[in-house]
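Enquirer: Sharing a structure, written as structure tokens. Questions coming.
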Amino acid sequence: MRQRVILSLTLAVACALPAASQPRARSMFVFQNNFWVNLHQFLRGEIYRRRVNAPLGLDPASLSEADRAAWASALDVYTGVSKQDLVFDAEAQRIDNTLAMAGTSRA
């Protein structure tokens, strides 16, 4: 009985080892949660929603007057960036990749 248990455990470990020792295939996608990339995408989305008169993701009425002015200014400045195609525009890809490597905010 004891030999069967030892044999079973040995076989189980032997079967598990090759799978664990094989290198993982690298994916072409990297999933991340990055403050700067999220802000970049949110700004692009807000500009799109503003352009098509869709409900905004951030209600300007929820902001103080100073914050509302700063937010509107940020959207105005970002309008040119939002027109770039994320797939085919090299400048848009450079911006997105740079933001992805910028790290996270400590705020």
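Enquirer: Where does the charge balance sit around Leu75 when Lys and Arg score +1, Asp and Glu -1, over other residues with C-beta under 15 Å from its C-beta? Could the numbers behind the result be given before it?
Expert: Values: positive: Arg44, Arg49, Arg50, Arg51, Arg68, Lys83; negative: Glu46, Asp59, Asp67, Asp76.
Net local charge, Leu75 excluded: +2.
Enquirer: Still on this structure, I have one more. Quick check on the range 27-101: what are the equivalent-ellipsoid semi-axes from the Cα gyration tensor, as sqrt(5λ), descending, whole Å? Display every interim value, and only then the final one.
Expert: Numbers: eigenvalues 122, 40, 27 Å².
Ellipsoid half-lengths, sorted descending, are 25, 14, 12 Å.
Enquirer: Around Gln93, under 15 Å between beta carbons, what's the net of Lys plus Arg minus Asp minus Glu among the other residues? Working shown, then result.
Expert: Details: positive: Arg44, Lys83, Arg94; negative: Asp85, Asp89, Glu91, Asp96.
With Lys, Arg at +1 and Asp, Glu at -1, the neighbours total -1.
Enquirer: If Lys and Arg each add +1 and Asp and Glu each add -1, what is the summed charge of the other residues whose beta carbon sits under 15 Å from the beta carbon of Val52? Numbers along the way, then the final one.
Expert: Details: positive: Arg44, Arg49, Arg50, Arg51, Lys83; negative: Glu46.
Charge balance near Val52 sits at +4.
FYI, it's all coordinate maths here, none of it is from the lab. Here the structure is a predicted model, which means the values were calculated and not measured. Cβ sites come from the backbone with ideal geometry, for glycine too, and all protein chains shown count toward neighbours.
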